[in-house]
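Chemist: Quick one: this structure, given as structure tokens, is what I'll be asking you about.
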């Protein structure tokens, strides 16, 4: 027969172990959240690239027609056009760009060569390319 004091001691030992495990878990979660903001990663959470689709066409090497075919409205001041990594000087214009609108991009300051080049539309606040296509400048 077990003394009654011994069974009470075993039952009480479980509660402090669970408490310690919960406190360690809470501490780890708080450290992760605080660490994210201290390292600056929390500031980037709001800078996500907009979702949009485009088509491009043109008839010569200095002008490119870009049509926004879908997605949310985008402020064109937030966009940069690049051809083979070379950025154009504000070629798309200003104001909001709605689906169905076409913009003409002036590529006079970019050295486009005859042949295929990679055309990208870059969302500057997030630093992400929201469109990329190989285009033949012939």
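The values are calculated or read from the model by the stated rules, or taken from the named source; none is laboratory data. Predicted model, so just to flag it, every value in this text is computed and none were measured. We place every Cβ from the backbone using ideal geometry, glycine too, and count neighbours over all the protein chains shown.
Chemist: Scan segment 108-126 residue by residue and report those that are modelled with pLDDT of 75 or more and part of a loop (DSSP other than H, G, I, E, B).
Modeler: 124, 125, 126
Chemist: Can you say whether residue 134 is surrounded by 13 or more Cβ atoms within 10 Å (Cβ to Cβ) and part of a strand (DSSP E or B), as far as the supplied structure shows?
Modeler: For residue 134, the condition - surrounded by 13 or more Cβ atoms within 10 Å (Cβ to Cβ) and part of a strand (DSSP E or B) - is not met.
Chemist: Would you say residue 129 is outside any loop (DSSP other than H, G, I, E, B) and closer than 12 Å to residue 52 by Cβ?
Modeler: Here the answer is yes, as residue 129 does meet what is asked.
Chemist: Then there's this: Check segment 55-69 and report whether any residue there is under 17 Å from residue 128 (Cβ atoms), modelled with pLDDT of 90 or more and either in contact with a strand residue (DSSP E or B) (Cβ under 6 Å, 6 or more places away or on another chain) or surrounded by fewer than 15 Cβ atoms within 10 Å (Cβ to Cβ) (or both).
Modeler: Yes, some residue in segment 55-69 is under 17 Å from residue 128 (Cβ atoms), modelled with pLDDT of 90 or more and either in contact with a strand residue (DSSP E or B) (Cβ under 6 Å, 6 or more places away or on another chain) or surrounded by fewer than 15 Cβ atoms within 10 Å (Cβ to Cβ) (or both).
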